[in-house]
Amino acid sequence: MYQTIDFLNQAYKQIKSSLQCQMQIDEFDIIFLGFFLTIIFNFFLNHIRLPRREYNQSYWSFVKSKVFLGLINYCPGVSQFLEKKKVEALKSFSNSLEKQTANKTFKIPENGMGYDKINERLRNWIDRDSKNYNSGKVSGSLYVQNDEKLIEECQEFTKNFIYSNPMHADLWPASRQLEAEVIKITGELFGQDKEGIGMLTTGGTESILLAILAYRNWAESEKGITQPNMVIPETAHAAFYRAGEYFKIEIRVAKVNQKTFTVDLKDLKSHINSNTICIVGSIPNFPYGTKDPIEELAAIAKKKKIGFHVDACLGGFIVAFAKEKGMNYGKFDFTLDGVTSLSCDQHKHGLAPKGASTILFKTRQLRQYAFFSTATWSGGAYAVPTTQGSKSGIGAAGAWFTMLAIGRKKYTELSKSIINATIQLAKQINEIPELEVCGQPNINCVCFKSKININVYSIHQILTQKGWNINTTQNPPGIHISVTHQNIPNLKLYVQDIKEAIQEIKANPSKYKKGGEMGALYGTTQKIPNSKFAGNALKLYLDSVLKL
Ligand SMILES: Cc1ncc(COP(=O)(O)O)c(C=O)c1O
């Protein structure tokens, strides 16, 4: 220590004397120069925008890929070659979507189209699409059980709200009430004892965005944090990464234990500093279906006086009812002191139509940090609770109807059947010698990876050919299925198809080499290249989704 101070002292004297003799600089000039350099340095820090690094990408691999891509662009003919490849990729994405696009319309018809004609198109579309989503071989996506009566009654009820606009609470008091009741009812499920403190949103992503927005505004206003960060397990849903990008919050990714596939608490703690606004845990996470140690995370958040968001978007409706059947997932909601917000989706295992999720907050004060209002707009004073302005009452109506029509007893039975099927599926996959289930999933998703030399993406390729629409994961490469009432009857066949795929790969190793390098895009069977080069391909895919 003394040696270091001595060294710095000597260096300072040396610099000072050489500057003084060469440029006649005095102490005041050195202080001024230091001050000036600090301002310049700060300016660069705040204004130079480096290209975005993928969140799980190491700095080294980021630099390598940027330098590599930068350099090859200078090679003659390379940029033309890359452009050609992009056009080909866009064409191939478009072609795969084109196969399922019929009766394109580019303009409003001169005279309105009669309902018979419109209905004909509708029938064609539904007949074709229902073969996809009703195949019983789909991961997640459609959660409601095959209960025609429930679905028909729900359609009948919600159609009364398609033109409603609960932004005008005085004109549509029924819509307002439905929304407030959905929040209250959901809050009750997760240990909110008094009023329901939350908002109804369009889905899990919006719920998560609003939670993180609230933490950012809270931390800025009450703690003066202007360079916020949040610490999330690497398995946290992509919506948290999106919140970081939208709201300019640094994302600090905590590792996941490669045995349990839940967040490594030691690593998570090491990322927390005085600029941390919140931490996150999932019950369960999307990739592996494992539950993070919520009680421990709550204790950390409480001790550090920061927010803690529980993402129960995927599993909320399963775990909330599981306790009534004696399943013990520990405490995971507002009955835990450190939990400050929780998201739960009606449109997943709440079995409601799409467009309904609830974000719940511990206090009204925290919720207010997510609200938007302006008193000075020329259009008048304006205030909205979520990201929407005018909105339909359908989301609230669908969620309200479903929760009341199904009831606690049925939800409890349905929850039990999902849990049993999940545990059973994990057990059966673990019995396949070539595979290993990631962690111990016991809620509603199962992910497996390869134990020996079998490329799981090749298994995915064969399963897709066999009509399965399931997801791939990465780090490590895996295959994930989200268990639903639609696919439970086919899970035996799923295991059988996996076994057959392994035999096929073993018998034809060279045939499956290429498919094994490609994962699938979230929510689709669309193949995309290795993650290092996927960034551009993903944007091209979105272009093709919006193209006719
Ligand atoms: C754990 C988890 N959180 C959040 C979300 C995002 O929900 P949504 O797709 O409704 O926006 C999902 C979606 O699957 C999820 O699994």
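Dividing the summed -39500 (n - 2.57) terms of all DSSP H runs of n ≥ 4 by the residue count of the chain sets its mean residue ellipticity at 222 nm at -16000 deg cm²/dmol.
The residues packed around residue 300, meaning those with a beta-carbon under 14 Å from its beta-carbon, carry a net charge of +1 if Lys and Arg are +1 and Asp and Glu are -1. Less than 5 angstrom separates the built amide H of residue 201 from those of 357, 358, 359, all sequence-distant by 5 or more or on a different chain. In sequence order, the stretch 189-202 has phi-based couplings of 5, 10, x, 8, 8, 9, 6, x, 9, x, 9, 8, 10, 8 Hz under the Karplus curve 6.51 cos²θ - 1.76 cosθ + 1.60, θ = phi - 60°, and Gly or Pro positions carry x. Toward the positive end of the charge dipole of the stretch 170-218, with +1 on the Cβ of Lys and Arg and -1 on the Cβ of Asp and Glu, the farthest Cα among 204, 215, 182 is that of 215. Residue 333 contributes an accessible area of around 10 Å² to the protein surface, as traced by a 1.4 Å probe with all chains present.
Note on residue 91: lysines with a C-alpha under 23 Å away, same-chain residues under 8 apart excluded, are 99, 104, 514, 527, 532, 539, 547. Per residue, the average separation of C-alpha pairs within less than 8 Å and at least 6 apart gives the stretch 389-484 a relative contact order of 22 percent. Note on residue 543 and residue 41: their simple-model spin labels are 4.2 nm apart, each label 7 Å out from Cα toward Cβ. Estimated at the nearest 10 Å², the accessible area of residue 242 is 100 Å² with a 1.4 Å probe. Computed about its Cα centre, the charge dipole of the chain is approximately 1080 debye, with only Lys, Arg, Asp and Glu carrying charge at their Cβ. Sequentially through the stretch 211-220, phi angles give Karplus couplings (6.51, -1.76, 1.60; θ = phi - 60°) of 4, 6, 4, 4, 5, 5, 5, 4, 5, 5 Hz, Gly and Pro residues having no value and appearing as x.
Close amide H partners of residue 307, meaning residues 5 or more places away or on another chain with modelled amide H under 5 Å apart, are 278, 279.
Sparsely packed loop sites in the stretch 401-436 (the GluC sites (Glu not before Pro) outside DSSP H, G, I, E and B with at most 11 other Cβ atoms within 10 Å) comprise 431.
For the stretch 245-347, the number of Lys pairs separated by eight or more positions or lying on different chains, with C-alpha atoms closer than 19 Å, is 20. Charge tally for residue 495 (other residues, Cβ to Cβ under 14 Å; Lys, Arg +1; Asp, Glu -1): +1. Using a 1.4 angstrom probe on heavy atoms only, work out the carbon and sulfur share of the accessible area of the chain in %. Heavy-atom surface of the chain belonging to carbon and sulfur, 1.4 Å probe: 57 percent.
Send over a whole-number figure in Å² for the accessible area per residue of the stretch 201-295, probe 1.4 Å.
Numbers: 3490 Å² over 95 residues.
On a per-residue basis, 37 Å².
For residue 395, what charge total do you get from the other residues with a beta carbon under 15 Å from its beta carbon, if Lys and Arg give +1 and Asp and Glu give -1? That sum, taken over residues with Cβ under 15 Å, equals +1.
The residues 178, 142, sorted by heavy-atom accessible surface at 1.4 Å with ligands and nucleic acids left out, run 142, 178 from largest to smallest.
The chymotrypsin sites (Phe, Trp or Tyr not before Pro) of the stretch 346-387 that DSSP puts in a loop, and whose beta carbon has at most 11 other beta carbons within 10 Å, are 377. For the stretch 58-106, trypsin sites (Lys or Arg not before Pro) meeting the loop criterion (DSSP other than H, G, I, E, B) and having at most 12 other Cβ atoms within 10 Å: 99, 104.
Less than 5 angstrom separates the built amide H of residue 487 from none of the residues sequence-distant by 5 or more or on a different chain.
The angle between the Cα long axis of helix 456-465 and the longest principal axis of the Cα atoms of the chain comes to about 30 degrees, rounded to the nearest 10.
What does DSSP give for the chain in terms of the percent of beta bridges that are antiparallel, rounded to the nearest 5? Around 60 percent of the beta bridges assigned by DSSP in the chain are antiparallel ones.
Cβ-Cβ distance of residue 129 and residue 163, R₀ of 22 Å, FRET efficiency by 1/(1 + (r/R0)^6): the value works out to about 0.30. Between helix 27-47 and the chain there is an angle of about 10 degrees, using the helix long axis and the longest principal axis of the Cα atoms.
Each Cα pair under 8 Å and six or more residues apart adds its sequence gap; the mean of these over the residue count of the chain is a relative contact order of 17 percent. The mean accessible area for residues of the stretch 305-454, using a 1.4 Å probe and ignoring ligands and nucleic acids, is 41 Å² per residue. Rounded to whole numbers, the Karplus 3J(HN,Hα) couplings from phi for the stretch 240-249 are 6, 5, 5, 4, x, 6, 5, 9, 6, 10 Hz, using 6.51 cos²θ - 1.76 cosθ + 1.60 with θ = phi - 60°, and x at Gly and Pro.
Per residue, the average separation of C-alpha pairs within less than 8 Å and at least 6 apart gives the stretch 277-320 a relative contact order of 48 percent. For residue 148, the solvent-accessible surface with a 1.4 Å probe is about 140 Å², rounded to the nearest 10. Reachable aspartates and glutamates from residue 348, Cα under 15 Å, same-chain residues fewer than 8 places away excluded? Qualifying aspartates and glutamates at Cα under 15 Å: 206, 311.
The values are calculated or read from the model by the stated rules, or taken from the named source; none is laboratory data. Since the structure is predicted, the reported quantities are computational estimates derived from the model, not experimental observations. A quick note on method: Cβ atoms are made from the backbone with ideal geometry, for glycine too, and the neighbour counts reach across all protein chains shown. The accessibility values were calculated without ligands, DNA or RNA, using every heavy atom of the protein model including side chains. Shrake-Rupley method; radii C 1.70, N 1.55, O 1.52, S 1.80 Å.
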